[in-house]
Every structure is written in structure tokens, then in C-alpha cells.
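Reading through the C-alpha cells given below for one structure.
The values are calculated or read from the model by the stated rules, or taken from the named source; none is laboratory data. Being a predicted model, the structure only gives us computed values, none of them experimental. Virtual Cβ from ideal backbone geometry, glycine too; neighbours counted across all protein chains shown. Accessible surface areas use protein heavy atoms only, side chains included; no ligands, DNA or RNA. Shrake-Rupley method; radii C 1.70, N 1.55, O 1.52, S 1.80 Å.
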Amino acid sequence: MIPRVLTVAGSDSGGGAGIQADLKTMLAHGVHGMSVLTAVTAQNSLGVQGAWELPAAAVRAQYRSVVDDIGVQAVKTGMLASAELVETVAELLSGTDAPAVVDPVGVSKHGDALLAASALDAVRTRLLPAATVATPNLDEVAQLTGIRVESEADLRRAAAAVLAYGPRWVLIKGGHLPGDAVDLLTDGCEEHLLRAPRHDNRHTHGTGCTLASAIACGLALGKSVPEAVTAAKEYVTGAIAAGFALGAGIGPVDHGWRFRS
């Protein structure tokens, strides 16, 4: 049977990030993508104009509907908006026998808040312990741990701080640093430094969602965590290189770049 991957995230009406990016990534990886909608955003290339979270009961019902009937080989989480939704999803993940990739989405590409400040404790104490892999960017590391990563040398300290909250692996995404795009993957013992050239392309909307979804796809296809993350890094690097203008602001990465190369 084709591997099945579930995204639990918000909707991006502009199609660049959120569940739209997740499902495109899953299609590109040859898995069956499914979705649990946590929030609806009015969003385009210029930013987020509005966001409305769904009731926890609706999120739980979607999740149980999919998992109990269809089943999953991996779950990816994105925008969860509130402490109640974070706690609900963490509980659901803990009862699911499948790897979970947690992208602790705090702000959008444009700097718009996508997670209430009151939800940070729930992310630390409930969601991260349920993660097979957590994929925070540097802003999210600062939100969760207070550590400001200013150079590649700070990545290990940031990873240790996130691992202290309980995920099995953490991928600290260093894309906001100058120079090459360098990420650190570690479980506290084993370390992998993943480096890719930085492309001169500002159309990078959806990179975090795309990377986390690609990792989940790799895990669903039977890859180890280091193998899945390495392959996902290669995929998202190609998607960034092929990113295209859309609207008047920041365009999306190209999820189908492999089909056009």
C-alpha cells in the first residue's frame, strides 16, 4: 500500500505554505497526503491578513477520522495557533504509533505571529516530547529557549536546549545565518551538519513547511532520521532554487521542481 502521511497544520490561502505546501510536497514524494486543518488564514505573498483557529473538537475529529480508518506512517505538525490546540495535538500524537515531525511554527515568513505566546509552555512540555524530529528555525529557537543563534558555533548549544524538552532528534535550521545554509541534526549523541549553497532567490515562502513534510515523507518511506533529513534538505534546496514570483511580495518555493528539471 502507498505510504500515508498526515499533516496537522493551518491553511495558507495563497498556496505557498501550510497544508497546501505539505500536500504538494507529499505528492512530489510519492506518498498519499492527508490533512487535519487547525486554522484558516487569509494569506498572500505580502503577509497574513487574518487567522482563525478551529475548535479543538474539530481538530480531534478530523485526526481520529483519518487515523482510525486509513492509518498513517508519519505525521507532520505545523501551525497550531493556541495552547488548547497544542495540547490536543500532543495528546493525539502520543497515542499514534507513527513518527512525528514537529515544526514548531511561531511566525510566518513575513513576521506575522501564528502561535499565541500563551502556547509556548505547551509546546515545550507537551508537543516537543511527542516529536521524533523537531525542526525549529532560529527565531523559534529563541522563542522556545531564549538562545539567540548568531553563528554556526551556536547551533550545538541551541540543539541541546531544544533536546532538553524531549524530542528524540532536533534539526536546528540555520538558514537565517549569513553564508551557506547550514543545519544541525542531532539526537544528543550523533551529529550531522548539513550544508547547502545559498541561492540568490527571495521567493522562499513555505520552506519550513516543505522541509518538515519532506522529512515525514522520508520516514514514512522507511528511511532513518538522518537519511530522511538529508534527502529533505536536498529536496528543499532544489525547491528554493526554483522558487518563483507570485503576487507582489515573496513567492513560494517550487514543490514540483524535480518534474521540470
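Residues checked against (1) among the charged types (D, E, K, R); (2) under 14 Å from the mean Cα position of the chain (by Cα); (3) under 22 Å from LEU185 (Cβ atoms); (4) assigned to a strand (DSSP E or B):
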| site | (1), (2), (3), (4) |
| --- | --- |
| ALA119 | no, no, no, no |
| ALA122 | no, no, no, no |
| ASP154 | yes, no, yes, no |
| ALA158 | no, no, yes, no |
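Identify, please: which residue in the range 61-84 is more than 20 Å from HIS29 (Cα to Cα) and within 16 Å of the chain's Cα centre (by Cα) and is, among those, surrounded by the most Cβ atoms within 10 Å (Cβ to Cβ)? If we take residues in the range 61-84 being more than 20 Å from HIS29 (Cα to Cα) and within 16 Å of the chain's Cα centre (by Cα), then LEU80 is surrounded by the most Cβ atoms within 10 Å (Cβ to Cβ).
If the condition is being closer than 19 Å to HIS192 by Cβ and basic (Lys, Arg), then the range 221-261 contributes LYS223, LYS233. Close Cβ contacts (under 6 Å, 6 or more residues apart or on different chains) running from residues in the range 50-73 that are touching a residue at least 24 places away in the same chain (Cβ under 8 Å) to residues that are among the acidic types (Asp, Glu) comprise ALA56/GLU84.
Assess whether GLU234 counts as being closer than 26 Å to SER45 by Cα, among the charged types (D, E, K, R), modelled with pLDDT of 95 or more and surrounded by fewer than 20 Cβ atoms within 10 Å (Cβ to Cβ). Taking the combined requirement at face value, the residue satisfies it.
Here the condition is being open to solvent by 10 Å² or more (accessible area, probe 1.4 Å), within 29 Å of GLY251 (Cβ to Cβ), in contact (Cβ under 8 Å) with a residue 40 or more places away in the chain and not acidic (Asp, Glu); of LEU171, LEU185, LEU114, it holds for LEU114 alone.
Checking the stated criteria, ASP200 turns out not to satisfy the condition of being free of Cβ contacts under 8 Å to residues at least 60 places away in the same chain, buried (at least 20 other Cβ atoms within 10 Å of the Cβ) and assigned to a loop (DSSP other than H, G, I, E, B). Of all residues in the range 85-117 being among the β-branched types (Val, Ile, Thr) and over 14 Å from the mean Cα position of the chain (by Cα), which is nearest to ALA42 (Cα to Cα)? Taking the candidates together, the pick is VAL86.
Contact map, the range 119-136: residues that are of a type in the set (Ser, Thr, Tyr) paired with residues that are at pLDDT 95 or above, Cβ distance under 6 Å, separation 6+ or inter-chain. Pairs shown: THR132/PRO99; THR132/ALA100; THR132/ARG168; THR135/ASP103; THR135/LEU171; THR135/ALA212. Looking for whichever is farther than 15 Å from HIS255 by Cα, modelled with pLDDT of 95 or more and not in a helix (DSSP H, G or I) here; the options are GLY243, GLY222, GLY218. Which one fits? The conditions single out GLY222.
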